[in-house]
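In what follows, a structure is listed as structure tokens, so that the remarks can point back to it.
The values are calculated or read from the model by the stated rules, or taken from the named source; none is laboratory data. Predicted model only: the values in this text are computed from it and were never measured. Ligands, DNA and RNA are stripped out before the accessible areas are found, and what is left, the full protein with its side chains, is counted by its heavy atoms. Shrake-Rupley method; radii C 1.70, N 1.55, O 1.52, S 1.80 Å.
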Amino acid sequence: SRNLARWLIGRLIAMAFVGITTTIAFHLLGVPMALALGVLAGLVTFIEYAGAVLSGIPPVLIALAQSPAQAFWVLVLFTALHVVEGYVLTPLLARATVSLPPAITLACQVLLGALAGPLGLTLSTPLLVVGVCAAQSFRRNASEDQPERRQAWSVIGVHSRAEPAASQREQYGQ
């Protein structure tokens, strides 16, 4: 579906953000192989949350070989960068690319993280995107003579791109 492609584009943007900012930050901190570590961090960011941990191990170990202080700053920087990516950038991209409100994305992450642990947290956003795509498809196929069903879907934020939400219709006087 088009929404899944948009979600993938959003993930690629997040990956590029992490890769570029990590490379620059590691270079400024004097970490050896900053470019390779930045590329690794960007690529592994595709795996939400678990990718941050997996890609954080090599730079911390390499920095530790330089000095414990440098390893500490790499860990602080890496943590801060992935907090921004996971809790700010990814929800905003999900909202912009797939029309997912950030609050719903974060609520899904908390719920699935609590229910299924790290696996639930990792799979929460992709499962949410698939669920919203399925709901939008179902809603599009709902018949015109059932406005109460359409209104129920709109309450939870699921509306097709072809038809604006009620608030958007009111805003534009439709």
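Across the stretch 1-82, what fraction of all alpha-carbon pairs, as a whole percent, falls in each successive 5 Å bin from zero upward?
With a bin width of 5 Å, the distribution comes to 3, 17, 28, 24, 13, 7, 4, 3, 1, 0.
Enumerate the calculated ³J(HN,Hα) couplings along the stretch 109-124 in order (Karplus 6.51 cos²θ - 1.76 cosθ + 1.60, θ = phi - 60°), each rounded to whole Hz, writing x wherever the residue is Gly or Pro.
So the Karplus estimates, Gly and Pro as x, are 5, 5, 4, 5, x, 6, 7, 10, x, x, 5, x, 5, 5, 8, 4 Hz.
If I ignore ligands, DNA and RNA and count only protein heavy atoms, how much of residue 72 is accessible to a 1.4 Å probe, in Å² to the nearest 10?
Its accessible surface works out to 110 Å², give or take rounding.
So between residue 76 and residue 9, what do we pick up on full extension, going 0.36 nm a residue minus the alpha carbon distance?
Value of the extension gain: 21.3 nm.
Read phi for every residue in the stretch 5-11 and hand back ³J(HN,Hα) as whole Hz from Karplus 6.51 cos²θ - 1.76 cosθ + 1.60, θ = phi - 60°, with x for Gly and Pro.
My calculation for the stretch 5-11 gives 5, 5, 4, 4, 4, x, 5 Hz in order.
Over all distinct Cα pairs, what is the inverse of the mean 1/r for the stretch 16-140, reported as the Kirkwood hydrodynamic radius in Å?
Kirkwood radius, the stretch 16-140: 15.4 Å.
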